[in-house]
Amino acid sequence: MLSVHCCCRKSGTGARMAASLGLTVIHRSTSPSSSSSSSSASCSRSMSSSSKPDKQVLSPEALNRSAALAAAQLVASAAGSAFVRPLRKPIALDQRSAAVAAGSENSTRAWLAARSARMARTQAENATSTPAAADATAAAAAAATAAVGQSAAFSVSNGLRGRRAVKRNLVSTLFAPLFAPLGADAKTLSHRYLTYAGLMVQHAAGIYALTPVGLRALENVTRIICEELELVGAQRTALPMLMTKELWDKTGRWTSSGQEVFRLQDRKGRDMLLGPTHEEAVCELAATKPLGRGQFPLMLYQLDRKFRDEARPRHGLMRGREFWMKDLYTFDVDIEHAAKTYDTICGVYGRIFDRLGLDYVRAEADTGNIGGVRSHEFHVISPAGEDTLLVCSSCNHAMNEEKAVAQVAPLPSNLAVRPALSGAEVDVAEQHALMHADKLAQALGVQLVDDFVILLHRHDRKLNHLKTQRALNQARLHRLDWSKLCTVIENASVQRRVRILLDNTLTGRCTFQFASLPPNLESPVLQAFKQHLSVPDGVVKCDISEVEAGDLCRTCLTDHGRMAPLVTKLGMEVGHAFLLGQKYSQPLGVTFTNAANKRVTTEMGCYGLGVSRILAALVETQLHNAQTTIAQSPAASTTAPAGAAAAATPKHQQQTDLLTLVRWPIEVAPFAVCFSFGGLGLSDETRDKWQKVALALHDTIVRQGILPVNAMLIDDRLGASAREQARVSDVLGVPINITIDAAQLDALALDPTSGAPSLEQLGNVRFSLTHRTLLAPRAAESQSLTALELLQVLQKLVESTPPRVSQASPIV
Ligand SMILES: [Zn+2]
């Protein structure tokens, strides 16, 4: 990609230079008038490079033990740390906290400086005598100087709002409209929570602004996604959100896409659209020049907003018109390799959901408007889900009901022996070699453009509309009323063609019932119907009815001869994978040159993850679980005194109380830790001591590399009551809370010079740490810990968050 020609005549030199260096690719158009209309601004937008955590590697050979220890001591003392003494067991650095730190430039610098010093110390402690002692000393001294420089900046802040200091996150300055009133349209729990906790503010139906707190949570989810995708070699890019009609015409989707696409015109009347999906755009990018054989599998992804003109935007972030999505597109040399890549990405999705702590299933799904040869949806299992899934109770094979196939359970005997109805008993076996069994069937007429179709299915089964649409290759079905259907059946042989679609479950002798048929019409209609059924090529057998719970899993039956029933579960769709084949790469010319020197079209896959939806799903599942737990707890019973108290609580109060039960996973939390101290009614002196002790602990956590400044929040409202402070921490879903008992502070005499607690003083203070999780948002016990114990417990909690990228993972 080093020679990209810029086709924009009016674009600036900078843009052309950027393009010539392969930094940008012009969104080309075939329209002759279009080349001059592209703005230089759009051209100069460079592809974003993937951001990786800073890797500061100090080789053990280059470090002298004593020099490095000195460096570590220097850093600690320059920063005014109360913990000059190294911890007995060095706290291991992990990649996760490095990535968490990436959010705040200043705090990250200080944090990295501390980390480098700590690494130096650890490595020096483990190092044996080094052959190049002089080099080592110089390197360690350089590291120490850099570290001190950064830490000095950090340590300037003695008060909560020190100048030139790293800004700590304070409740008093936090921008989040907490406890916002709930609108009437906030029906789902996630919608209610995200509004109430001030994570998002509605602009219009299905369009929301995320507050800094909301964006923190969203970015934590995106970080996990990026980390996992880049581990398998995916490369991040940024495709245009605004696209031309000409590009979408190449695949025919400008016409075939329905009303869900936001279309607009520019000032010259040129048709454009806001991207709901980016298969065309990524192909345009990938087709810049033929791909090299060594580049496969090529995986390009982006993390950005998408637009969809939903008919009924609802449920907050669950179904919006503007939403955050990760979309990955893969290119392979042939379909076998594309299928392998498909399996790899599905595996990556599993790891992402595991890290997020979400209970998910991967369900076979319809390819829909995107198209392709294979497709799976990823659903978070929740009673709030909008999709019905059929999941095997034995092998866990899952299917969306739109696509589900199964071995249908036999018709219940009470239906099979129902007395004869006024209808036609037709032996379809004679004509179509079907199995013999008595079945009841239901007829449904459908009018197409130039013919009629009669759908026949078991009357105890629902017709599956999507399967029927696929069978008839129709986007919409116009149902006929009974009288029209009868007229069609009677007159069709002379006037119009009639096709009959017979569901697979209808085998053998079937009784077709025409319940509302006027008696005078009964005979001629039935005769005509029998006639139509007797035409061999007039009847098509296919799968058009819905699968139900209790039907048998075909995978188990075919592979193991097991009779395993399917169960239904409700799921929230948070991801989708498609094996596309050449549907987009062929018309848009994404090719490579094979070994025989022939140009070959690549095979594609596309993979979406609804990032804002994942955020909503995390909340929705938690609050549903909490709601169920509360309903089942003995306290909920009206006979218990606590239950009586709960019953006396107004309903809206109960509802908002529920919303304070969210506890984010540590990796996703907008703030993983909150320091609070209910100072109501206490003296200024006590409050001042608390402030200093809390800051000393907060800063030590940062210096030890346990958590970055960005992950912690300090409730600096010193006059607030403990209850008021807890309410803020609760509504923000902070998983770890740290408080101090005021009685200890009275006996604490601060150093008159520095005004800070001495090492011994801080070492003697006992802190109270509470960790609450998704599963037990209320049932957490607080632990009373010394500062050193607290650091160790906190480190363990941070490290024990769901399995993540191990630093020991082999690099391939
Ligand atoms: Zn099964």
Matching residues in the stretch 600-612 - criterion: being assigned to a helix (DSSP H, G or I) and either touching a Leu at 6+ places or on another chain (Cβ under 6 Å) or modelled with pLDDT under 95 (or both):
612
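Condition check ((1) outside the structural domain of residue 756 (by TED's automatic domain parsing); (2) of a type in the set (Ser, Thr, Tyr); (3) surrounded by fewer than 24 Cβ atoms within 10 Å (Cβ to Cβ); (4) touching a helix residue (DSSP H, G or I) at 6+ places or on another chain (Cβ under 7 Å)) across all residues:
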{"site": "686", "(1), (2), (3), (4)": "no, yes, yes, yes"}
{"site": "689", "(1), (2), (3), (4)": "no, no, no, yes"}
{"site": "696", "(1), (2), (3), (4)": "no, no, yes, yes"}
{"site": "708", "(1), (2), (3), (4)": "no, no, no, yes"}
{"site": "713", "(1), (2), (3), (4)": "no, no, no, yes"}
{"site": "717", "(1), (2), (3), (4)": "no, no, yes, yes"}
{"site": "720", "(1), (2), (3), (4)": "no, no, yes, no"}
{"site": "723", "(1), (2), (3), (4)": "no, no, yes, no"}
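Hey, does the stretch 780-787 have a residue that's modelled with pLDDT under 80, surrounded by fewer than 14 Cβ atoms within 10 Å (Cβ to Cβ) and within 32 Å of the chain's Cα centre (by Cα)? Quick ask: steps written out before the conclusion?
In the first step, residues of the stretch 780-787 are kept if they are modelled with pLDDT under 80; the result is 780-781.
Right, trim to surrounded by fewer than 14 Cβ atoms within 10 Å (Cβ to Cβ) and you get 781.
Still in the list and also within 32 Å of the chain's Cα centre (by Cα): 781.
Checking the stretch 780-787: at least one residue is modelled with pLDDT under 80, surrounded by fewer than 14 Cβ atoms within 10 Å (Cβ to Cβ) and within 32 Å of the chain's Cα centre (by Cα).
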If I ask for residues that are within 16 Å of the ligand (Cβ to nearest atom), of a type outside the set (A, V, I, L, M, F, W, C) and under 25 Å from residue 622 (Cα atoms), which ones from the stretch 353-367 would you list?
362
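If you check 688, 684, 699, which single one turns out to be within 17 Å of residue 795 (Cα to Cα) and either at pLDDT below 90 or of a type in the set (Ser, Thr, Tyr) (or both)?
Working: 688 fails: within 17 Å of residue 795 (Cα to Cα); 684 fails: within 17 Å of residue 795 (Cα to Cα).
Of 688, 684, 699, the one residue that is within 17 Å of residue 795 (Cα to Cα) and either at pLDDT below 90 or of a type in the set (Ser, Thr, Tyr) (or both) is 699.
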Please count how many residues of the stretch 368-410 are away from the ligand (no atom under 16 Å from the Cβ), assigned to a loop (DSSP other than H, G, I, E, B) and surrounded by fewer than 18 Cβ atoms within 10 Å (Cβ to Cβ).
8
Among the numbered conditions (1) outside the structural domain of residue 599 (by TED's automatic domain parsing); (2) out of contact with any Ser or Thr (no Cβ under 6 Å at 6 or more places or on another chain); (3) not β-branched (Val, Ile, Thr), tell me where residue 401 comes up short.
(2)
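Please enumerate the residues belonging to the stretch 247-264 that are polar (S, T, N, Q) and closer than 21 Å to residue 305 by Cβ.
257, 259
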Could you please give the count of residues in the stretch 755-779 that are surrounded by 18 or more Cβ atoms within 10 Å (Cβ to Cβ), at pLDDT below 85 and under 28 Å from residue 668 (Cα atoms)?
3
Flagged pairs (Cβ under 9 angstrom, 6 or more apart or on separate chains; first in the stretch 281-309, over 11 Å from residue 234 (Cα atoms) and without any contact (Cβ under 8 Å) to a residue 60 or more places away in the chain; second basic (Lys, Arg) and in a strand (DSSP E or B)) are 308/319; 309/263
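Output the residues belonging to the stretch 536-568 that are within 14 Å of the ligand (Cβ to nearest atom), out of contact with any Ser or Thr (no Cβ under 8 Å at 6 or more places or on another chain) and not acidic (Asp, Glu). Break it down into steps so the answer makes sense when it comes.
Of the residues in the stretch 536-568, the ones within 14 Å of the ligand (Cβ to nearest atom) are 547, 549-567.
From the residues that got through so far, the ones that are out of contact with any Ser or Thr (no Cβ under 8 Å at 6 or more places or on another chain) too are 547, 550-552, 554-555, 557-561, 563.
Once the filter is applied, which keeps residues that are within 14 Å of the ligand (Cβ to nearest atom), out of contact with any Ser or Thr (no Cβ under 8 Å at 6 or more places or on another chain) and not acidic (Asp, Glu), the stretch 536-568 yields 547, 550, 552, 554, 555, 557, 558, 560, 561, 563.
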Quick one: count up the residues across the stretch 522-580 that are assigned to a helix (DSSP H, G or I), crowded, with 20+ Cβ neighbours inside 10 Å and modelled with pLDDT of 85 or more.
1
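Determine, yes or no, whether residue 246 is among the charged types (D, E, K, R) and either within 25 Å of the chain's Cα centre (by Cα) or modelled with pLDDT under 95 (or both).
no
The values are calculated or read from the model by the stated rules, or taken from the named source; none is laboratory data. All values derive from a computational prediction rather than experimental measurement. A quick note on method: Cβ atoms are made from the backbone with ideal geometry, for glycine too, and the neighbour counts reach across all protein chains shown.
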